[in-house]
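Asker: So that we are looking at the same thing, I have put the structure below in structure tokens.
The values are calculated or read from the model by the stated rules, or taken from the named source; none is laboratory data. Note that the structure is predicted; figures quoted are calculated from it, not measured. No Cβ is skipped: glycine too gets one built from the backbone with ideal geometry, and neighbour counts run over all protein chains shown. For accessibility, only protein heavy atoms count, side chains too; no ligands or nucleic acids. Shrake-Rupley method; radii C 1.70, N 1.55, O 1.52, S 1.80 Å.
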Amino acid sequence: MGGVALDDGPTGVKAPDGGWGWAVLVGCFVITGFSYAFPKAVSVFFKELIREFGVGYSDTAWISSILLAMLYGTGPLCSVLVNKFGCRPVMMVGGLFASLGMIMASFATSIIHIYLSTGVVTGLGLALNFQPSLIMLNRYFSEKRPLANGLAAAGSPVALCCLSPLGQVLQYNYGWRGGFLILGGMLLNCCACGALMRPLLPPKKLKSLEESGDGAVQEQKKPQPKKRLLDFSVFKDRGFLIYTIAASVMVLGLFVPPVFVVSYAKELKYEDTKSALLLTILGFVDMFARPTCGLIAGTKWMRPKTVYLFSFAMIFNGCTDLIGSQATTYVGLVVFCIFFGMSYGMVGALQFEVLMAIVGTEKFSSAIGLVLLMEAIAVLLGPPGAGRLLDATHNYMYVFLLAGCEVTLSAFILAIGNFLCIRKKQKEPEAKMEMAVTAAETEELRRSEDNEDSEVVHKGQNGKAGEVVNIVKGNTALVETLNTCIF
């Protein structure tokens, strides 16, 4: 899940697959949890908002819809900002926006104010944290990237299991206004997570050679193309087109069962407590399925086939919906939630890992923004479309059948499209993959090391350049490394 931003400079760094990367993983875990769980967690305040402003449930449901729409629909904007300013400043500003929105909402006097503050401002802040955190995670991990993605994705069910009960406690003790204010304070932790996203340091030896003014090294350089803030060339990649179509179809049905399973249980005359327990079971299974799937996807025999593993996860999810549509007892719904949690966790752990494998590291920051924009449309159409079907048929079976067909269709689109239409791409080096950094971060790194570099440059200008030339000419491996890093 994630990648790197485009770069207009020659400086390259190697993914450490550990070290400070584990701190980055913790930050990404927290951000993923807030981003996916927060739109669902605020729903515990809806009854109080209905009573406060005299609106209907459909009016309050727009709060979560706007939050999700901002999270997905602002993907291209996040790509532009990350490519221009870097991940860390974008995330810290996003954390301020997320917190400010909830604090403003605590003083709201109408439901429109809630839409604008919680929906738009907080949604934008979470979006500015979510996408850059994925990008930074995959700068720090290469060989262990599938496992890192799975662990980070586990933040979603963990946060949901924590935020929903916390929201109920806050509402009981402080009311919805006090609850919003405290949640706004909690969202300031996004700024702390953003501060963890430290840019990777470039190799000092190669940087010294590059800046020494040596003629032989300068000949190795080629003019760098101007950096694009949003790279639309990804649409020329057949793999990206197939993935985008498949992901958009998948999202139409993926989020439908969690939305309707509790209502389905109530329709079968089960009490509210037992009905709500179904989502807890689903989330608990999902919590362990994501890192487990990431661990499996990272094995040597499975990693080259992650696209097909992702397709299997979608077929598993779709078939679970199709079979679960026939459940008419509580035990049947519990079994459905267990298998749905497993398949849902697999999809969550693999979706961005597969995108990274298809488009590569350099184009990922633009690709994920464009994919999220397309998924935003599907997110806004999927659950409401299923609700209309339910209103027309008054039968939950058709809702689950439709969701299962959509997810299964997306699996076949991805698997068949990948098998027939996509040429085999060159395999990425495992542990020695060179990753570019953004221009803003490169400039920051150069300023921080000016003192060390000035000494190296001075020596190079006073006679060391000749020694560098001899070393470069006499060592073919070093020349190849320079070509890789510089170009």
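Asker: Mind checking which residues of the stretch 351-387 are at pLDDT below 80 and charged (D, E, K, R)?
Answerer: Matches in the stretch 351-387: 362, 363.
Asker: Give the stretch 50-67 a look and list any residue that's closer than 25 Å to residue 369 by Cα and open to solvent by 50 Å² or more (accessible area, probe 1.4 Å), or say none.
Answerer: Of everything in the stretch 50-67, just one residue is closer than 25 Å to residue 369 by Cα and open to solvent by 50 Å² or more (accessible area, probe 1.4 Å), namely 62.
Asker: Can you name every residue in the stretch 20-71 that is within 21 Å of residue 102 (Cα to Cα), hydrophobic (A, V, I, L, M, F, W, C) and not in a helix (DSSP H, G or I)?
Answerer: 55
Asker: Which condition from (1) of a type outside the set (A, V, I, L, M); (2) surrounded by fewer than 21 Cβ atoms within 10 Å (Cβ to Cβ); (3) assigned to a loop (DSSP other than H, G, I, E, B) is the one that residue 142 breaks?
Answerer: (2)
Asker: Pick from 345, 332: which is surrounded by fewer than 23 Cβ atoms within 10 Å (Cβ to Cβ), assigned to a helix (DSSP H, G or I), in contact with a helix residue (DSSP H, G or I) (Cβ under 8 Å, 6 or more places away or on another chain) and at pLDDT 85 or above?
Answerer: 332
Asker: On to the next question. Of the residues that make up the stretch 72-95, is at least one assigned by the TED database to the domain that holds residue 117, open to solvent by less than 50 Å² (accessible area, probe 1.4 Å), of a type outside the set (D, E, K, R) and farther than 22 Å from residue 367 by Cα?
Answerer: yes
Asker: Then there's this: Considering 42, 26, which residue is under 21 Å from residue 157 (Cβ atoms), crowded, with 23+ Cβ neighbours inside 10 Å and out of contact with any strand residue (DSSP E or B) (no Cβ under 9 Å at 6 or more places or on another chain)?
Answerer: 42
Asker: Here is a check on your reading of the model: is residue 448 surrounded by 21 or more Cβ atoms within 10 Å (Cβ to Cβ) and either of a type outside the set (Phe, Trp, Tyr) or at pLDDT 85 or above (or both)?
Answerer: no
Asker: Right, another one. Looking only at the stretch 11-22, decide whether some residue is acidic (Asp, Glu), over 23 Å from residue 122 (Cβ atoms) and either modelled with pLDDT under 85 or open to solvent by 20 Å² or more (accessible area, probe 1.4 Å) (or both).
Answerer: Yes; the residues of the stretch 11-22 include at least one that is acidic (Asp, Glu), over 23 Å from residue 122 (Cβ atoms) and either modelled with pLDDT under 85 or open to solvent by 20 Å² or more (accessible area, probe 1.4 Å) (or both).
Asker: Filter the stretch 152-169 for residues that are more than 12 Å from the chain's Cα centre (by Cα) and open to solvent by 10 Å² or more (accessible area, probe 1.4 Å) and give the result.
Answerer: 158, 159, 160, 161, 162, 163, 164, 165, 166, 168, 169
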